[in-house]
Amino acid sequence: MRCFVAALPPERARDHLDAFLEPRRAAAPFRWTAPDQVHLTLAFVGDLTERRLDDLVERLERAAARRRAVRTAIAGGGAFPHAAGAKVLWAGLDLDDGDALELRRMAEGARAAASRAGARVDGQRFRPHLTVARCVRPTEVTPWIRLLDAYRGPEWTIDSFALVESHLGEGPRGRPRHEVVATLPLD
């Protein structure tokens, strides 16, 4: 199984971002993320055997129970690896220092739970973001980052995270299809 643990913005937050981006999408040849697939990845679990799924869900439940809810809004943006040669364009989150720390702890807990369940976990540094587009080749995206820097969506609360299975190539136009396997409420 190919999975990830994510905080899923509510539909109203995703729709607000989609409405902001929609009239601008034709101006760039990016592969835009479908609005219903916009999420904040806390941990990427590249390969999970099905026999380890129950153990992972139990460990994630315990990790979620140790965390508190976080208020945020989708705001700002950036690019990976950098604006001059971007492969990914992303929207950020508006977080105060305490909530940013709590979100980082959510990610650490999710990654530790996956690792203890025997899954291979992506070890990259956690940088809270929501991927909005991927570039076919490295692209200069500074104007797009400026555009996203002017954006701020409605506030919402991260009060749970989800274990999501990604089925590569099974979605519209050969994109992944995402299926929520478990929703894990925060304490």
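The values are calculated or read from the model by the stated rules, or taken from the named source; none is laboratory data. These figures come from a predicted structure and were not determined experimentally. A quick note on method: Cβ atoms are made from the backbone with ideal geometry, for glycine too, and the neighbour counts reach across all protein chains shown.
The table below lists the values:
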read-out	value
Subset of segment 175-187 that is within 18 Å of the chain's Cα centre (by Cα) and assigned to a loop (DSSP other than H, G, I, E, B) - its residue that is farthest from residue 20 (Cα to Cα)	186
Options 71, 67, 59; residue that is at pLDDT 95 or above, among the charged types (D, E, K, R), closer than 30 Å to residue 141 by Cα and surrounded by 13 or more Cβ atoms within 10 Å (Cβ to Cβ)	71
Which numbered condition residue 131 misses (of (1) out of contact with any Phe, Trp or Tyr (no Cβ under 6 Å at 6 or more places or on another chain); (2) of a type outside the set (D, E, K, R); (3) in contact (Cβ under 8 Å) with a residue 60 or more places away in the chain)	(1)
Of residues in segment 89-104 being surrounded by fewer than 19 Cβ atoms within 10 Å (Cβ to Cβ) and out of contact with any Gly (no Cβ under 9 Å at 6 or more places or on another chain), the one nearest to residue 163 (Cα to Cα)	104
Tally of residues being under 24 Å from residue 17 (Cα atoms), over 16 Å from the mean Cα position of the chain (by Cα) and modelled with pLDDT under 90 across segment 153-174	4
Which listed residue is more than 24 Å from residue 18 (Cβ to Cβ), in contact with a helix residue (DSSP H, G or I) (Cβ under 9 Å, 6 or more places away or on another chain) and not aromatic (Phe, Trp, Tyr), from 83, 114	114
Count of segment 148-181 residues which are among the small types (Gly, Ala, Ser) and farther than 30 Å from residue 49 by Cα	2
Condition check for residue 157: under 14 Å from residue 4 (Cα atoms), in contact with a strand residue (DSSP E or B) (Cβ under 6 Å, 6 or more places away or on another chain) and surrounded by fewer than 19 Cβ atoms within 10 Å (Cβ to Cβ)	no
Matching residues, segment 86-102, being among the hydrophobic types (A, V, I, L, M, F, W, C) and within 21 Å of residue 151 (Cβ to Cβ)	86, 88, 89, 90, 91, 93, 95, 100
Options 181, 141, 136; residue that is among the β-branched types (Val, Ile, Thr), surrounded by fewer than 12 Cβ atoms within 10 Å (Cβ to Cβ) and on the phi < 0 side of the Ramachandran plot	136
Residue list for segment 105-133, filter: exposed (fewer than 13 other Cβ atoms within 10 Å of the Cβ) and under 22 Å from residue 70 (Cα atoms)	125, 127
